[in-house]
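Notes for the one structure printed next.
The values are calculated or read from the model by the stated rules, or taken from the named source; none is laboratory data. Quick caveat, the model's predicted, so the values are computed rather than measured. Don't worry about glycine lacking a Cβ; one is built from the backbone with ideal geometry, like all the others, and counts go over all protein chains shown.
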């Protein structure tokens, strides 16, 4: 008969404190969301107050170069991001994928619906990928796993339970109710559910069941059953508030933070009250909120300085963009910036996502300055955005009665020593919203 044995085991586990989670949350917020968050925090914490009214300043400093159409540039840049697939492809350019992995990624993204779910079986994805490049199933799973953790987390999922599980693993893994929530999702996977199931109705089975904690159900309720819709909702009403501004002063480029986040200060009356308080419970309450208020103030300062430092490092690499526009862009990855600043790659991602820089050439999301690379015969790498710009200029200058085909554009690049496949030219042309040569041709 087997005997039951009890043993102890020591292990190290990294647990994020609530304060650290809040600091991470503050870093990844854009200016508008941060302003709303600060208003909520001020209502809860009596020590915090705004020093001055919130103002958006688009005209800090002066510049010899004036942007003729900042708003038009912004709208043009975001014109190709009006759906989830375009949003994912934009992020794809910041990843260190091989060409075959990018091919797989684009096939997967093309199979994603607006809710964020795959509409094709992975076997079909495998078949399509093998028509273009040699891959194994392990490659499919690796690319899929990476895409599922891009913004918004949980897209490219196979089904509802897969998406919920991914979101839970990414956002709430350190929660005390994580395991119980995992068990509930496992039970849901045995039921007939999909992304169109009524989210609240799914949990009726678990109510009152002692096996499942109410807090675990509440944790799952915080997840998004249709993560893809998060993007379309954002794009229904789009506001741009730059976090950083770049201008020229005495032939030198200056990079500064904009004053578009409220400056928080401590309420002097409550500080005095804390110092004079004699009742233990009151003093503990005041000290707790005082420490939290200081932490919030420092977190916002750290957020602003991190965004500024990341932006400065980006433009050390992309300085030619300021003088020559898109044609001056070079290949750049999140990893390169992270290594230069000695911070984690995820920190760079949070500091650039939905954060904008105003330049004399227009207002751009910081992620715009990251792009994949293409090889040349000289061994030098060239940015994919430069290729897009060159395609755009080539087509603008072409003979309208005899427009260049994608094959002819490919040959043009190859003659210049730049390795670009025809399907890449087609993809970039379509992203530029340019029709095929047949449709561009002007008939006599």
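Across region 402-433, the qualifying residues are those that are in contact (Cβ under 8 Å) with a residue 40 or more places away in the chain and in contact with a helix residue (DSSP H, G or I) (Cβ under 6 Å, 6 or more places away or on another chain), and the one among them that is farthest from residue 102 (Cα to Cα) is 432.
The residues in region 249-262 that are under 19 Å from residue 35 (Cβ atoms) and out of contact with any strand residue (DSSP E or B) (no Cβ under 7 Å at 6 or more places or on another chain) can be counted, and the count is 3. Per the listing 295, 315, 321, the residue uniquely surrounded by fewer than 18 Cβ atoms within 10 Å (Cβ to Cβ), in the same structural domain as residue 343 (by TED's automatic domain parsing) and not in a strand (DSSP E or B) is 295.
Take the conditions surrounded by 15 or more Cβ atoms within 10 Å (Cβ to Cβ) and at pLDDT below 75 and apply them to residue 374. Does it pass? Yes: the conditions hold for residue 374. Annotation: of all residues in region 162-179 being in contact with a helix residue (DSSP H, G or I) (Cβ under 7 Å, 6 or more places away or on another chain) and surrounded by 20 or more Cβ atoms within 10 Å (Cβ to Cβ), the one that is farthest from residue 106 (Cα to Cα) is 168. When only residues in region 324-335 that are assigned to a helix (DSSP H, G or I) and touching a helix residue (DSSP H, G or I) at 6+ places or on another chain (Cβ under 7 Å) count, which is surrounded by the most Cβ atoms within 10 Å (Cβ to Cβ)? Residue satisfying both the conditions and the ranking: 334.
Looking across 87, 79, one residue alone is surrounded by 15 or more Cβ atoms within 10 Å (Cβ to Cβ), at pLDDT below 85 and more than 30 Å from residue 251 (Cβ to Cβ). It is 87. Applying a threshold of 6 Å to beta carbon distances and a minimum spacing of six or more residues, or different chains, the list of pairs starting in region 10-26 at a residue that is over 13 Å from residue 346 (Cβ atoms) and ending at one that is in a loop (DSSP other than H, G, I, E, B) and at pLDDT 75 or above reads 15/174.
When residue 61 is tested against (1) on the phi < 0 side of the Ramachandran plot; (2) at pLDDT below 85, only condition (1) is not met.
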